[in-house]
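The next block holds one structure in the form of structure tokens; read it before the comments.
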């Protein structure tokens, strides 16, 4: 394994695992406040897809040279990730949780309807490109597009009647 690829892959794995811990904690707190989940049936498919994406990165990219240009772009995306997470704070989760409170309209939500989904689309392309894995970027971009088509549709329906008073925690 090259050092650069190992460090990059280790970062992605640790980041995703820490996000699952944060999401689980935030989900429990939101549900305790009276929020409810929608789209739970597609959640395991989404987790499987993201797990497969990471597995492909690890098994196909462990011995690849890191592209500095793509790595810089990935680092910029991490700034957007921090901005999204800090803007949503305890409302951020990996599930679609509907809370009867006003929509978040500050931070990146002022400019994009779904900044977290936009970030994930970019990461699914950029992270494989850091390791020169074009096929992983293409394959998982298509799979993620299908997943987002389902997910955004479910979220949109859940929030349709609540647009003036609630938010899906992972919008």
Is it fair to say residue 50 is in contact with a helix residue (DSSP H, G or I) (Cβ under 9 Å, 6 or more places away or on another chain), closer than 19 Å to residue 8 by Cβ and crowded, with 16+ Cβ neighbours inside 10 Å?
yes
Within the stretch 25-40, track down each residue that is surrounded by 13 or more Cβ atoms within 10 Å (Cβ to Cβ), in a helix (DSSP H, G or I) and within 19 Å of the chain's Cα centre (by Cα).
26, 27, 30
Anything in the stretch 73-90 that is more than 24 Å from residue 48 (Cβ to Cβ) and touching a helix residue (DSSP H, G or I) at 6+ places or on another chain (Cβ under 7 Å)? List them, or say none.
73, 80, 83, 87, 90
Which of the residues belonging to the stretch 53-75 are in a loop (DSSP other than H, G, I, E, B), surrounded by 17 or more Cβ atoms within 10 Å (Cβ to Cβ) and at pLDDT 95 or above?
66
Given the structure, is residue 98 surrounded by 18 or more Cβ atoms within 10 Å (Cβ to Cβ), touching a helix residue (DSSP H, G or I) at 6+ places or on another chain (Cβ under 7 Å), on the phi < 0 side of the Ramachandran plot and not in a loop (DSSP other than H, G, I, E, B)?
yes
How about the stretch 1-14: which of its residues are touching a residue at least 24 places away in the same chain (Cβ under 8 Å) and assigned to a helix (DSSP H, G or I)?
4, 5, 6, 8, 9, 12, 13
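The values are calculated or read from the model by the stated rules, or taken from the named source; none is laboratory data. All values derive from a computational prediction rather than experimental measurement. When we count neighbours, we look across all protein chains shown, and the Cβ atoms used for this are built from the backbone with ideal geometry, even at glycine.
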